[in-house]
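Heads up, the thing below is written out as structure tokens.
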Amino acid sequence: MTGTQLYLITPPVFNLDEFSDQLADALNGGSVASLQLRLKEAADEEIIAASHVLMPLCHAHDVAFIINDRPDLAHTVGADGVHVGQDDISYAEARAIVGDDCIVGVTCNDSRHLSMTAAEQGADYVAFGAFYSTDTKVTSCSADKSILSWWTEIFETPCVAIGGITVDNAAPLIEAGADFIAVCGGVWNHAQGPKAAVQQFNKLCKG
């Protein structure tokens with residue numbers, strides 16, 4: 001893989017019909033590597049219903065569909081992957097549930113130790129952050145872009161930069177070597193709409 005790619009994260013709450021239109025608009029804006037369905041407070045039925053609507057849309061654009069926290073639901077709906085945090089189920093438990101062919105990504109905050117452990121265990125990517133302040137979630141740490149440079153110089157496992165990323169502040173993280181930039185509000189709340197946001201992020205990723 002060459003260059004930085006865009007990793008979209010859904011808003012924490014959304015109207016499914018309205019958001020599916022937003023997602024379609026975003027995916028028409030350019031290259032997107034993956035979408036993470038992140039509905040922390042939703043019932044299982046809501047997550048499954050959202051998956052049935054959003055996953056086919058992602059696959060039509062060759063976008064990987066990843067579910068946050070819930071390997072059991074990822075397995076149930078046939079998602080491409082699952083993302084687990086440090087306070088969620090362990091990497092080993094998640095892998096056992098979803099199998100060897102599924103993507104398993106791990107939140108590593110700003111920790112070199114956690115990231116090395118995750119990669120050694122077999123994680124498909126490690127996620128660092130938050131790099132900037134974010135309204136999407138409560139963050140317990142603040143990461144420096146130097147951890148991205150350190151990681152990409154030493155390890156082959158891809159790294160994801162996350163936390164408050166917008167078209168105005170993404171460039172330093174891309175230059176530092178992030179394989180993926182994970183974006184939520186920076187796309188869905190963009191003044192010109194999701195499609196324009198993805199177009200602008202793609203331009204940044206291509207340098």
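Key figures
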{"read-out": "Shape parameters for the stretch 82-165, alpha-carbon atoms, Rg then Dmax in Å", "value": "12.5, 34"}
{"read-out": "Range in the chain, longest, excluding exposed GluC sites (Glu not before Pro) [loop by DSSP; at most 11 other beta-carbon atoms within 10 Å]", "value": "42-155"}
{"read-out": "All-pairs alpha carbon distance profile, the stretch 5-205, 5 Å steps from 0, percent", "value": "1, 8, 17, 21, 22, 17, 10, 3, 0"}
{"read-out": "R0 of 35 Å, Cβ-Cβ distance Phe155-His75: FRET efficiency to nearest 0.05", "value": "0.80"}
{"read-out": "Highest-MSF residue in the chain out of Ser90, Ser51, Ser115 [GNM, Cα springs under 10 Å]", "value": "Ser90"}
{"read-out": "Filtered trypsin sites (Lys or Arg not before Pro), the stretch 155-207: DSSP coil and at most 11 other beta carbons within 10 Å", "value": "Lys206"}
{"read-out": "Count of Lys pairs (Cα-Cα under 24 Å; at least 8 positions apart or interchain) in the stretch 5-205", "value": "5"}
{"read-out": "Most mobile of Ala96, Ala119, Ala50 in a GNM of the chain (Cα contacts under 10 Å)", "value": "Ala96"}
{"read-out": "Exposure proxy order (Cβ contacts within 10 Å, fewest to most) of Val77, Val106", "value": "Val77, Val106"}
{"read-out": "Amide H contacts of Val82 (H built 1.01 Å from N, under 5 Å, at least 5 apart or other chain)", "value": "Ile67, Ile103, Val104, Gly105"}
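Every read-out reported here was derived from the displayed coordinates using simple, explicitly stated rules and does not represent laboratory data. Quick caveat: nothing in here was measured; it's all calculated off a predicted structure. Here the Cβ is made from the backbone with ideal geometry for all residues, glycine too, and neighbour counts use every protein chain on show.
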